[in-house]
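Trainee: Before we start, here is the structure in question, set down as structure tokens.
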Amino acid sequence: MFFATHVKPHIASILTSNIRLMARRRVQEAKHQLLKRPRVVHYFHDVSDPYCHLTAQVLQRFQDNYDVELRPHLISGPPIEALPDPVAHRKNAITDATRLARKLSLSAPEGSVPANDAIADAEKLMAADLANGSFIENVRDTSTNLWSGRGLPSSDHAKPAALISDGDQTLAALGHYLGGTFYYDGEWYWGADRLHYLENRLQHAGLGGGSPRIVPLPSVQPAKRVSQGQEIEFFFSFRSPYSYLAFDRTVDLAHHYGARLVLRPVLPMLMRGLPVPPSKSSYILYDCAREARRLGIPFGRICDPLGKGVERGYALLDYAEGQGKLPEFCSAFLRGVWAEGLNAATDRGLRTIVDNADLDWLAAKPFLNPDLWRDRVQTNQNRLQEIGLWGVPSFRVAGESVWGQDRLWAVEDCLT
């Protein structure tokens, strides 16, 4: 218990600290200079992934702007263990990529996932381009033809299975699982809307670029207004760091627009029996740390509430709601376990969370025994599945389903 309460939060704060990150980067840059080591950015492309259709449109500009070698790889789709609900994942990916493309002024994928034979034809074309060094030059046009349903020129390239297998192995060896990802010197950047982090890093190292960035960063515009009366369903988990990053911002957004906020906590994926590969957990932690820094949100003193901590927190939902402080309690819990190192599995840690929400610990404590919260959470999980999603943080607003703490701008667009 001492290790979980005192040691692990300290270790986590070191691992996620900006000081450690900057030190690692300085070491990498020193190696480049001393060893004359080439600077290589690896890019992984899944032909059937709509997010890759977006990244395909910026690769040429990226290569032109930065003094690095952009080394592309073809890969297959993510491993099955990384996709708890493959059908829902694919459907949401197309909807979300279309929404994101419009926000970033890129060409959106049109319609549904391309047919298997069209995907196979595109893979042959891209494999041939990889072989002759013209992948970056041609990938945008090939991807556009594929995702718009236009015909693809024939290719006499042999089946690209070997190249895709090599790409999958490289992706796994470097520590990721998704397409549309960029890797540079130990750090990952997924999708067009994370490219600004890589650009900032390369510019800081004096490797080219300039302002404005290739892809602008989508953001919430709180000056907008809308009529009162709309509703935001907000699905979150006490064990999700992305939920923590989204929570207070979502409360503020609902308040700003006069929208009714319906809080729907669900069990963490691991507590629902859904797999979370180590590479996925590692990327989430690192990505949350940099998103928190950008947003100015405290993060890093972590005491994972998985299991008992989550259960005890959810047991107090009814009490907090009865006191008219459900948002305050959820906010205090998330901040406590993801930024303050509070162990919610102990009375000492949970009492501090309750106190921080301006609630009464003695009045709250009797609520810890019943399991009445399980019905509430199960109802929320059923609703999450009903709207076509499986992970958190997720939102339902104006008949639209939105997933991700980095999609609050999409929630706002649905409100306006």
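The values are calculated or read from the model by the stated rules, or taken from the named source; none is laboratory data. Please read all numbers here as calculations on a predicted model, not as lab measurements. We place every Cβ from the backbone using ideal geometry, glycine too, and count neighbours over all the protein chains shown.
Trainee: Could you check segment 388-416 and list, in sequence order, the residues that are in a loop (DSSP other than H, G, I, E, B) and over 18 Å from ASP252 (Cβ atoms)? Break it down into steps so the answer makes sense when it comes.
Mentor: Of the residues in segment 388-416, the ones in a loop (DSSP other than H, G, I, E, B) are 388-393, 398-399, 404, 416.
Selection gives GLY388, LEU389, TRP390, GLY391, VAL392, ALA398, GLY399.
Trainee: Ok, one more. May I ask you to say which residue of GLY209, GLY179 is closer than 26 Å to ALA131 by Cβ, in contact with a helix residue (DSSP H, G or I) (Cβ under 8 Å, 6 or more places away or on another chain) and in contact (Cβ under 8 Å) with a residue 24 or more places away in the chain? Before you say what the answer is, go through the steps one by one.
Mentor: Details: GLY209 fails: closer than 26 Å to ALA131 by Cβ.
From the options GLY209, GLY179, the qualifying one is GLY179.
Trainee: Any chance you could count how many residues in segment 137-160 are surrounded by fewer than 21 Cβ atoms within 10 Å (Cβ to Cβ) and either assigned to a loop (DSSP other than H, G, I, E, B) or outside the structural domain of VAL113 (by TED's automatic domain parsing) (or both)?
Mentor: Counting residues in segment 137-160 that are surrounded by fewer than 21 Cβ atoms within 10 Å (Cβ to Cβ) and either assigned to a loop (DSSP other than H, G, I, E, B) or outside the structural domain of VAL113 (by TED's automatic domain parsing) (or both) gives 11.
Trainee: Would you check which residues across segment 340-387 are over 18 Å from GLY324 (Cβ atoms), outside any helix (DSSP H, G or I), among the hydrophobic types (A, V, I, L, M, F, W, C) and more than 28 Å from the chain's Cα centre (by Cα) and list them?
Mentor: Of everything in segment 340-387, just one residue is over 18 Å from GLY324 (Cβ atoms), outside any helix (DSSP H, G or I), among the hydrophobic types (A, V, I, L, M, F, W, C) and more than 28 Å from the chain's Cα centre (by Cα), namely LEU372.
Trainee: Same structure again: Scanning segment 161-183 for residues that are of a type in the set (Val, Ile, Thr) and in a helix (DSSP H, G or I), which turns out surrounded by the fewest Cβ atoms within 10 Å (Cβ to Cβ)?
Mentor: Step one: filter segment 161-183 for residues of a type in the set (Val, Ile, Thr), giving 164, 170, 181.
With in a helix (DSSP H, G or I) added as a condition, the list becomes 164, 170.
Values: ILE164: 20, THR170: 16.
It comes out as THR170.
Trainee: With (1) assigned to a strand (DSSP E or B); (2) farther than 30 Å from LEU285 by Cβ as the list, and ILE119 as the residue in question, which single condition is left unmet?
Mentor: Against the list (1) assigned to a strand (DSSP E or B); (2) farther than 30 Å from LEU285 by Cβ, ILE119 comes up short only on (1).
Trainee: For TYR51, are the conditions met, namely being assigned by TED's automatic domain parsing to the domain that holds GLY179, assigned to a helix (DSSP H, G or I) and in contact (Cβ under 8 Å) with a residue 24 or more places away in the chain? If you could, list the steps in order and put the result at the bottom.
Mentor: On the way: assigned by TED's automatic domain parsing to the domain that holds GLY179: yes; assigned to a helix (DSSP H, G or I): yes; in contact (Cβ under 8 Å) with a residue 24 or more places away in the chain: yes.
So TYR51 passes the test.
Trainee: Report, ordered by the first and then the second residue, all pairs with beta carbons closer than 7 Å, sequence separation of six or more or different chains, a first member in segment 110-138 that is under 17 Å from ILE75 (Cβ atoms), and a second member that is of a type in the set (S, T, N, Q) and outside any loop (DSSP other than H, G, I, E, B).
Mentor: Short answer, once both residue conditions are applied: ALA122/THR142; LEU125/THR142; MET126/THR142; ASP129/ASN138; ILE136/GLN60; ILE136/GLN63.
Trainee: Restricting the search to segment 264-301, which residues are among the β-branched types (Val, Ile, Thr), within 30 Å of THR170 (Cβ to Cβ) and touching a Phe, Trp or Tyr at 6+ places or on another chain (Cβ under 8 Å)?
Mentor: Filtering segment 264-301 down to residues among the β-branched types (Val, Ile, Thr) leaves 266, 276, 284, 297.
Those still in the list that are within 30 Å of THR170 (Cβ to Cβ) too: 276, 284.
Of everything in segment 264-301, just one residue is among the β-branched types (Val, Ile, Thr), within 30 Å of THR170 (Cβ to Cβ) and touching a Phe, Trp or Tyr at 6+ places or on another chain (Cβ under 8 Å), namely ILE284.
Trainee: Only one residue in GLY191, GLY175 is under 23 Å from ASP406 (Cα atoms), in contact with a Phe, Trp or Tyr (Cβ under 6 Å, 6 or more places away or on another chain), assigned by TED's automatic domain parsing to the domain that holds ALA56 and of a type outside the set (A, V, I, L, M, F, W, C), so which one is that? Steps first, please.
Mentor: On the way: GLY175 fails: in contact with a Phe, Trp or Tyr (Cβ under 6 Å, 6 or more places away or on another chain).
Criteria check complete, one pass: GLY191.
Trainee: Now for a separate question. Would you point out the residue of segment 318-368, among those that are among the aliphatic types (A, V, I, L, M) and over 22 Å from PHE299 (Cα atoms), that is surrounded by the most Cβ atoms within 10 Å (Cβ to Cβ)?
Mentor: Start the filter on segment 318-368 by keeping residues that are among the aliphatic types (A, V, I, L, M), which leaves 320, 326, 332, 334, 337, 339, 342, 344-345, 350, 353-354, 357, 359, 362-364, 368.
Filter once more, keeping what is over 22 Å from PHE299 (Cα atoms): 320, 359, 362-364, 368.
Numbers: ALA320: 23, LEU359: 19, LEU362: 8, ALA363: 12, ALA364: 21, LEU368: 14.
Step by step, filter segment 318-368, then rank; the result is ALA320.
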